[in-house]
Amino acid sequence: MFKSLHTNDSPLNLLDLDTIAKQTSLIQRKTQGFSALSIIIALIKCLQKGDASFHHIALEMSKINTSSICRGAVFKRVNGLLMHYLQAVISKILTLNYSIEENSSSAQKFQRILIEDSTFVPMGAINAANFPGHGNSNGVTAGFKLDLAFDALNNHILHQQFSPARESDKKLGKQLIENIQPNDLVLRDMGYFSIESFSNIEAQSAFWISRLPSSINVLLENGKSLESKLRLRKNDYIDEVVTLGLDGSFKARLVGVRADDQTAETRRRSRRENCTKIWQYSTQSITYQRWLASYSNKSRHFCEQ
């Protein structure tokens, strides 16, 4: 398990973790049982199992280091300094993976490229009182969401926040909207899809791109449904101005690419399995799953054809 997390191709190999730990004051001198690498690997492994107790973190660290560490020692290390260390490591990794040349067209066009996404981390059911999950047939569940907003152009983390698993991405995304600046580009998944948010972004003279949820009402400029055009379309690409929402008052640019047969069938199968009511599996959703679509500002065609 350890080898699968830290291979020769791992970006952790490109970082001087000991130096980062010293810079963030997490480790000021070497101690037995605790190292800059082992705490990261132990946390990842425990989170994957859904049990990140101090006891299990200590066990995982003991497997990595040559000497053991007790859970009390781990407890003393889990503080603000550890958070600063982990944030610094994430920033370094994102810098390696998302560096953009200064003379690129994106760098000249945008002030910041803001990427936001969240991830769900399961926890033991004993934590349900503080971090309630959605529950299942076996009883209560627990977990939390970690929401991260990152400026890929300037290699800077704007914010990160923990919340109960039940918190929706749409609600979590409000913090980013409050910090939008002119000429920002906001990239987010369809869990954050909100016409109100798009309007607020455009009001700040900024840009946005979002995937298309199949539940959204979409009309062409001639008043016909998007579904009717996609079903009859012969080529594999669409790029048009459409209106969103029930009242059709919000305009956006729609760019879509037809998915291959395997991808389309996989998405349809997943949709059928996850639908609890027959009306959820509509003809509109069937059609949309044949396309990979996204929306952006109608009047700002910055995407290359």
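The table below lists the values:
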{"quantity": "First in the stretch 160-172 and in contact (Cβ under 8 Å) with a residue 40 or more places away in the chain, second anywhere and surrounded by fewer than 15 Cβ atoms within 10 Å (Cβ to Cβ), Cβ under 6 Å, 6 or more apart", "calculated": "Ala165/Phe120"}
{"quantity": "Selection within the stretch 38-81 - outside any helix (DSSP H, G or I) and exposed (fewer than 14 other Cβ atoms within 10 Å of the Cβ)", "calculated": "Thr66, Ser67, Ser68, Cys70, Asn79"}
{"quantity": "Top-ranked residue in the stretch 191-233 [being among the β-branched types (Val, Ile, Thr) and open to solvent by less than 30 Å² (accessible area, probe 1.4 Å); ranked as farthest from Ile113 (Cα to Cα)]", "calculated": "Val218"}
{"quantity": "Given (1) on the phi < 0 side of the Ramachandran plot; (2) polar (S, T, N, Q); (3) out of contact with any Gly (no Cβ under 8 Å at 6 or more places or on another chain); (4) touching a residue at least 12 places away in the same chain (Cβ under 8 Å), number of the condition Thr141 does not satisfy", "calculated": "(3)"}
{"quantity": "Condition broken by Asn297, with the remaining ones in (1) under 25 Å from Arg112 (Cβ atoms); (2) open to solvent by 20 Å² or more (accessible area, probe 1.4 Å); (3) at pLDDT below 85 satisfied", "calculated": "(2)"}
{"quantity": "Top-ranked residue of the stretch 153-168 - restricted to ones that are touching a Lys or Arg at 6+ places or on another chain (Cβ under 8 Å) and open to solvent by less than 40 Å² (accessible area, probe 1.4 Å), ranked as nearest to Leu86 (Cα to Cα)", "calculated": "Ser163"}
{"quantity": "Considering residues of the stretch 4-26 that are modelled with pLDDT of 85 or more and open to solvent by 20 Å² or more (accessible area, probe 1.4 Å) only, the residue nearest to Phe120 (Cα to Cα)", "calculated": "Thr24"}
{"quantity": "Long-range neighbours under 8 Å by Cβ, at least six apart or interchain, first residue charged (D, E, K, R) within the stretch 207-219, second outside any strand (DSSP E or B)", "calculated": "Arg211/Asp189; Arg211/Met190; Arg211/Phe193"}
{"quantity": "Candidates Ala252, Ala259 - the one that is open to solvent by less than 50 Å² (accessible area, probe 1.4 Å) and modelled with pLDDT of 80 or more", "calculated": "Ala252"}
{"quantity": "Test: residue in the stretch 128-142 that is open to solvent by less than 20 Å² (accessible area, probe 1.4 Å) and under 27 Å from Trp208 (Cβ atoms)", "calculated": "no"}
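To keep it simple, each residue is scored yes or no on (1) in a helix (DSSP H, G or I); (2) exposed (fewer than 14 other Cβ atoms within 10 Å of the Cβ); (3) at pLDDT below 85.
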| position | (1), (2), (3) |
| --- | --- |
| Met83 | yes, yes, no |
| Leu86 | yes, no, no |
| Leu96 | yes, yes, yes |
| Ala107 | yes, no, yes |
| Leu114 | no, no, no |
| Asp117 | no, no, no |
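The values are calculated or read from the model by the stated rules, or taken from the named source; none is laboratory data. This is a predicted model, so every value here is computed, not measured. Methodologically, a virtual Cβ is constructed for each residue, glycine included, from the backbone with ideal geometry; neighbour enumeration extends over all protein chains shown. Surface areas here come from the heavy atoms of the whole protein model, side chains and all, with no ligands, DNA or RNA. Shrake-Rupley method; radii C 1.70, N 1.55, O 1.52, S 1.80 Å.
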